[in-house]
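To start, the structure itself, in structure tokens.
The values are calculated or read from the model by the stated rules, or taken from the named source; none is laboratory data. In this text the structure is predicted, and so the values were computed from the model without any measurement. All Cβ positions, glycine included, derive from the backbone under ideal geometry; neighbour counts span all protein chains shown. Just so you know, the surface numbers come from the protein's heavy atoms only, side chains and all, with ligands and any DNA or RNA stripped out. Shrake-Rupley method; radii C 1.70, N 1.55, O 1.52, S 1.80 Å.
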Amino acid sequence: MSSLQSAAPLQSRALARVKPSATIAVSAKARELAAAGRDVIGLGAGEPDFDTPDNIKAAAIQAIQDGHTKYTDADGMPALKKAIADKFARENGLTYAVNQIHVASGGKPVIYNALLATLNPGDEVIIPAPYWVSYPDMTLLAGGEPVFVTGEEVDGFKLRPEVLDAAITPRTKWLILNSPSNPTGAAYTRDELIALADVLRRHPHVWILTDDMYEHLVFDAFEYTTIAQVAPDLYDRTLTVNGVSKAYAMTGWRIGYAGGPKALIDLMRKVASQTTSNPSSISQYAAVEALNGTQAFLKPRNDAFQARRDLVVSMLNQATGIRCANPEGAFYVYPSVEGLIGKTAPDGTVITDDDVFTTALLEAEGVAVVQGSAFGLSPYFRVSYATSEAILEEACSRIQRFAASLR
Ligand SMILES: Cc1ncc(COP(=O)(O)O)c(C=O)c1O
């Protein structure tokens, strides 16, 4: 090896600040155990088990047959932007012109494009914990500094206005809101959003990125609202992010989108034009159908998710030492294992934290869940209940058995 190679690591300093996704790691570990012949139930992955509806598939097939297989505008084709603008008007009461819409290959790159377009070294991004695993690392990769503010279990893990106020500094560039939340399932009510908006109004230099990816997954007649809708005066500094991945069971198609002020959208297009170019043209045609076509399947799917949530919350609350809040939406619950810390498993493992708990649970019972430390709040774990009730019942029985085996 030359001295030049040994002096200069291959990995960039920017990437060295980033860690790989913990949720993807759990799914990989579960697959590895299953391949080795173990009976594993994976409750780690964040995607619906339902299939993409047939009308959406048909639109994609038609797009291929019609030859729509060429480049589109880097940040999405006009017909899709129009469908997205119509969706924002219809469902959120938000008016965005077509040139205020950005489309990318999933919600993840939409958020990354926004951060990359706007962050300078040292700029701060306020991230309420527990958070979706990618926000801190995307912030770091884009050169910014994550600033964590923690939601308490008693508040449904939601950010309190005074906690937000105390976290804002002159370096704050963005606040990231996510409702319903991955990993807790918590969703902000209209009044809770208004209270956060009251704080943000006093700090006009702070931009707001609201990640509404789970908008359609809310239960018990919860009234979904988003911040630019309830605080129209913040519209000029809010990026409203959404996508088809979760609501339409289209995780593999890779289409996410956002509406925001034109100046910001122009910068995001500049990033896309020199990085990914357009998301798949075929997926864009599918997304047009998802947004413009029938929405009839949403309700029965939501009913199924609500029944699953009820089952999981009830069974986990019957497990010794586990306490599980009942969230408003998404397809996650975020139970506490506080009551199990310090106990010993039959194989002698002492449960010192949620990392040990989730590893020991996987080893003993073959149930894969994600440790709360990955989402910035311990001692908890995340269960994704996007699978059948039969599988969930079996998984929760195993968790109950494991918890009862601890001494
Ligand atoms: C809160 C949240 N935002 C964004 C995304 C990214 O969605 P996509 O698959 O469209 O990139 C996810 C996916 O897990 C998510 O949970």
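Looking only at the range 212-238, how many residues end up being among the hydrophobic types (A, V, I, L, M, F, W, C), open to solvent by 10 Å² or more (accessible area, probe 1.4 Å), away from the ligand (no atom under 16 Å from the Cβ) and not in a helix (DSSP H, G or I)?
Looking only at that region, the number is 2.
Which of (1) of a type in the set (Asp, Glu); (2) in a helix (DSSP H, G or I); (3) within 16 Å of the ligand (Cβ to nearest atom) does ASP75 not meet, given it meets every other one?
Failed condition: (2).
Hey, which of the helices (runs of 4 or more DSSP H) in the range 1-70, taking only ones fully inside, have at least 1 residues that are over 28 Å from ALA368 (Cβ atoms)?
3-7, 13-16, 54-65
Inspect all residues belonging to the range 112-124 and state whether any of them is hydroxyl-bearing (Ser, Thr, Tyr) and within 15 Å of the ligand (Cβ to nearest atom).
Yes, the conditions are met somewhere in the range 112-124.
Output the residue which, of all residues in the range 239-249 that are assigned to a loop (DSSP other than H, G, I, E, B) and within 8 Å of the ligand (Cβ to nearest atom), is nearest to ILE84 (Cα to Cα).
Going residue by residue through the range 239-249, those that are assigned to a loop (DSSP other than H, G, I, E, B) are 244-249.
This time we only want the ones that are within 8 Å of the ligand (Cβ to nearest atom), so: 244-246.
Details: VAL244: 10, SER245: 14, LYS246: 16 Å.
Ranking the qualifying residues of the range 239-249, first place goes to VAL244.
Pick from the range 269-289 the residues that are open to solvent by 60 Å² or more (accessible area, probe 1.4 Å) and not in a loop (DSSP other than H, G, I, E, B): which of them is farthest from the ligand (Cβ to nearest atom)?
Per the criteria, the residue is LYS270.
For the range 239-253, name all the residues that are touching a residue at least 60 places away in the same chain (Cβ under 8 Å) and open to solvent by less than 50 Å² (accessible area, probe 1.4 Å).
Across the range 239-253, the qualifying residues are LEU239, THR240, VAL241, ASN242, GLY243, SER245, LYS246, TYR248, ALA249, MET250, THR251.
Kindly provide the set of residues from the range 185-211 that are open to solvent by less than 20 Å² (accessible area, probe 1.4 Å) and in contact with a helix residue (DSSP H, G or I) (Cβ under 8 Å, 6 or more places away or on another chain), ordered by number.
GLY185, TYR188, LEU193, LEU196, ALA197, VAL199, LEU200, VAL206, ILE208, LEU209, THR210, ASP211, listed by residue number.
Restricting to the range 254-268, what's the tally of residues that are more than 9 Å from the ligand (Cβ to nearest atom) and buried (at least 20 other Cβ atoms within 10 Å of the Cβ)?
From the range 254-268, those more than 9 Å from the ligand (Cβ to nearest atom) are 257-268; that's our starting set.
If we keep only those that are buried (at least 20 other Cβ atoms within 10 Å of the Cβ) too, we end up with 257-260, 264-265, 268.
Residues that pass the stated criteria total 7.
Of all residues being part of a loop (DSSP other than H, G, I, E, B) and away from the ligand (no atom under 16 Å from the Cβ) in the range 125-153, which is surrounded by the most Cβ atoms within 10 Å (Cβ to Cβ)? Just the residue, please.
If we take residues in the range 125-153 being part of a loop (DSSP other than H, G, I, E, B) and away from the ligand (no atom under 16 Å from the Cβ), then GLY144 is surrounded by the most Cβ atoms within 10 Å (Cβ to Cβ).
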